[in-house]
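See structure below.
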Amino acid sequence: MTDVSMTIGGEAVATEGTFGVLNPATAEVFAEAPECSRAQLDAAMDAAAKAFPAWRADEDARRACLREAAGVLLASLEELAPLLTAEQGKPLNDANLEIFGSAMWCTYFADLEVPRQIIQDDDEALVEVVNRPLGVVAAITPWNFPVNLAFWKIAPALLAGNTMVLKPSPFTPLSTLKAGELLRSILPPGVLNVVSGGDDLGAWMTGHPVPRKISFTGSIETGKLVAAAAAPDLKRVTLELGGNDPAIILDDADPAAVVDGIFGGAFANNGQICSAIKRVYVPERMYDEVVEALAARAKAITVGDGTEIGTRLGPINNAPQFARVSELVADALAHGARAAAGGRAMDRPGYFFEPTVLSGVSDGVRIVDEEQFGPALPVISYRDVDDAVDRANATHFGLSGSVWGTDTDRATEVAGRLEAGTAWVNVHLALGPQFPFGGFKWSGIGVENGPWGLAEFTEIQTVHRSRTTSGLSPVTSMVVP
Ligand code: NAD
């Protein structure tokens, strides 16, 4: 049993109800998480609203808090990382990296300048464009990188002067709640409130009158519900949604040189990354070689409990996702695909699925057309690169994609034709706090990270200071006799 509490107004808050959190390596409940009531959500929103005026007023204090937050996260690695592994399933080493990355996001934003541009400075006027905070931000996160994706929101939103109510996924609430506890000693009460509960709580947040902005990361299906809930109140939204990232190997690529990058891009975090490679397009002449090289890596990788030394891939995080991956792989096999590696669930407790490489599969089969979000990679052959690009783009998804080849200028030209928020060349999943990240089409609205992500937590205000003595502008002077 893990004892973590919600944070509202800087205090630990007890709840009447709790819900069980499973360890995906055993499929057994190992902890209870607090279940936020509607009244407690109101209290969290109220606390965030009350904290806003003082928080927005002191930029230096905000930067200092983010720097301190980075230090606290790093100092708490031994507490946070095992909790993350227990609820998410990822190997302990990956959990450590996730906490480390969260600290990195805090440090990056602590030092990032909030833009302030002077667009006119003459006898007539001094006109500045200033980014103002929005107020209270409702932040909702998924279960694949619960802590890091929370800090993709916390760091820029707080730096910009907003306050926040944050809700992690019900599958992985504990590490985020724990991070909220750790930051209580740093942040003024109400600046960051962390609540937990089921999907209903997310819907209450998006329909709540207090937040001016919803920052959401999750599935396309839920993203559309969030957009609809935001509309009546014209809340601002940033939506980071699902992807079905293509990787295209060009005919001049050296298969031996690219296959590690492709394998890592597809199977990192057990394939549970929005921008993981989810389909690979390979020229016919090197198809068999690439399939076998990927399959060899899939067969060799150590899958196991994330707490065991040597584990490189953990279980799938939860039962519905495990069922989905199982279903999509079974559907592909039923439609003539061959499992060059894996192809089924592992015979052990927990949500373990064999790392799977599928050949003989093409567009029109569900695992190619839909987002599998798990350890199963379809490999598709092509003859003509223009056709491969068309097939890569023939989807509602548009998160990211990569192109692999020896002539990097040509690969870059092809990558530029991908309809995706990020186009990588000879790499995949190169992410960082400085790189704007977002989706085209149904993969999202807006971006996170970098100054562009920071701007999404602000409204632009034009501050026009007249230097004329008459107080008249070209428009107002027209009616003055
Ligand atoms: P999900 O949409 O089921 O849930 C995400 C969050 O939304 C959870 O906290 C959930 O409780 C909450 N939620 C559910 N219903 C809601 C509602 N009606 N209103 C408000 N909130 C609600 O997604 P998931 O299964 O947790 O995550 C996997 C998905 O997230 C995948 O599609 C993946 O591609 C996507 N994802 C995208 C990014 C990105 O940056 N683009 C990053 C990670 C994951």
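The values are calculated or read from the model by the stated rules, or taken from the named source; none is laboratory data. These figures come from a predicted structure and were not determined experimentally. Here the Cβ is made from the backbone with ideal geometry for all residues, glycine too, and neighbour counts use every protein chain on show.
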Query - Scan of the stretch 191-208 for residues that are more than 11 Å from the ligand (Cβ to nearest atom) and of a type in the set (D, E, K, R), ordered by number - result: none
Query - Residue list for the stretch 348-376, restricted to those being more than 15 Å from the ligand (Cβ to nearest atom) and in a strand (DSSP E or B) - result: Phe353, Thr356, Val357, Leu358, Ser359
Query raised in the report: Consider Ser400 against the criteria (1) surrounded by 22 or more Cβ atoms within 10 Å (Cβ to Cβ); (2) farther than 30 Å from Ile445 by Cβ; (3) among the hydroxyl-bearing types (Ser, Thr, Tyr): it satisfies all of them except one. Which criterion is unmet?
Result: (2)
Query raised in the report: Given the structure, is Thr302 under 25 Å from Ala27 (Cα atoms) and in contact with a helix residue (DSSP H, G or I) (Cβ under 9 Å, 6 or more places away or on another chain)?
Result: no
Query raised in the report: Can you spot a residue in the stretch 82-93 that is farther than 30 Å from Asn269 by Cβ and charged (D, E, K, R)?
Result: no
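Results for (1) at pLDDT 95 or above; (2) surrounded by 17 or more Cβ atoms within 10 Å (Cβ to Cβ); (3) part of a helix (DSSP H, G or I); (4) of a type outside the set (S, T, N, Q), shown as yes or no for each residue.
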residue: Cys65; (1), (2), (3), (4): yes, yes, yes, yes
residue: Gly71; (1), (2), (3), (4): yes, no, yes, yes
residue: Glu87; (1), (2), (3), (4): yes, yes, yes, yes
residue: Ser102; (1), (2), (3), (4): yes, yes, yes, no
Report task. Kindly check whether there is at least one residue in the stretch 226-243 that is away from the ligand (no atom under 16 Å from the Cβ), modelled with pLDDT of 95 or more and surrounded by fewer than 18 Cβ atoms within 10 Å (Cβ to Cβ). Result -> yes
Report task. Write out, first by first residue and then by second, each pair whose Cβ atoms fall under 8 Å of each other, whose residues are 6+ apart or on separate chains, and whose first residue, in the stretch 259-274, is of a type in the set (Asp, Glu) while the second is more than 11 Å from the ligand (Cβ to nearest atom). Result -> Asp260/Arg297
Report summary line: Those residues of the stretch 142-185 which are polar (S, T, N, Q) and within 14 Å of the ligand (Cβ to nearest atom) amount to Asn144, Asn148, Ser169, Thr172, Ser175, Thr176
Report summary line: Wholly inside the stretch 379-481, strands (runs of 3 or more DSSP E) that include 3 or more residues that are over 21 Å from Val282 (Cβ atoms) and touching a strand residue (DSSP E or B) at 6+ places or on another chain (Cβ under 7 Å) are 458-466
Requested in this report: Test Gly218 against the criterion of being over 16 Å from the mean Cα position of the chain (by Cα) and over 21 Å from Arg56 (Cα atoms), and give yes or no.
Outcome: no
Report task. Specify the residue that is farthest from the chain's Cα centre (by Cα); the eligible residues are those in the stretch 336-347 that are charged (D, E, K, R) and part of a loop (DSSP other than H, G, I, E, B). Result -> Asp347
Query raised in the report: Considering only residues of the stretch 453-471 that are within 16 Å of the ligand (Cβ to nearest atom) and out of contact with any Phe, Trp or Tyr (no Cβ under 9 Å at 6 or more places or on another chain), which is farthest from Leu239 (Cα to Cα)?
Result: Phe457
Query raised in the report: Restricting attention to the stretch 163-177, and to residues there that are among the hydroxyl-bearing types (Ser, Thr, Tyr) and outside any loop (DSSP other than H, G, I, E, B), which single residue is nearest to Ala25 (Cα to Cα)?
Result: Ser175
Requested in this report: Take the stretch 111-150 and flag every residue that is outside any loop (DSSP other than H, G, I, E, B) and closer than 18 Å to Gln272 by Cβ.
Outcome: Ile140, Pro146, Val147, Asn148, Leu149, Ala150
**Report entry** Test for Ala388: is it hydrophobic (A, V, I, L, M, F, W, C) and either modelled with pLDDT under 95 or surrounded by fewer than 24 Cβ atoms within 10 Å (Cβ to Cβ) (or both)
**Finding:** yes
Query - Which listed residue, of Pro211, Pro188, is over 20 Å from the mean Cα position of the chain (by Cα), crowded, with 20+ Cβ neighbours inside 10 Å, outside any strand (DSSP E or B) and more than 9 Å from the ligand (Cβ to nearest atom) - result: Pro211
Query - In the stretch 392-433, the residues that are more than 19 Å from Ala266 (Cβ to Cβ) and within 16 Å of the ligand (Cβ to nearest atom) - result: His396, Glu419, Gly432, Pro433
Query raised in the report: If we scan the stretch 17-29, do we find a residue that is touching a residue at least 24 places away in the same chain (Cβ under 8 Å), in contact with a helix residue (DSSP H, G or I) (Cβ under 7 Å, 6 or more places away or on another chain) and among the small types (Gly, Ala, Ser)?
Result: no
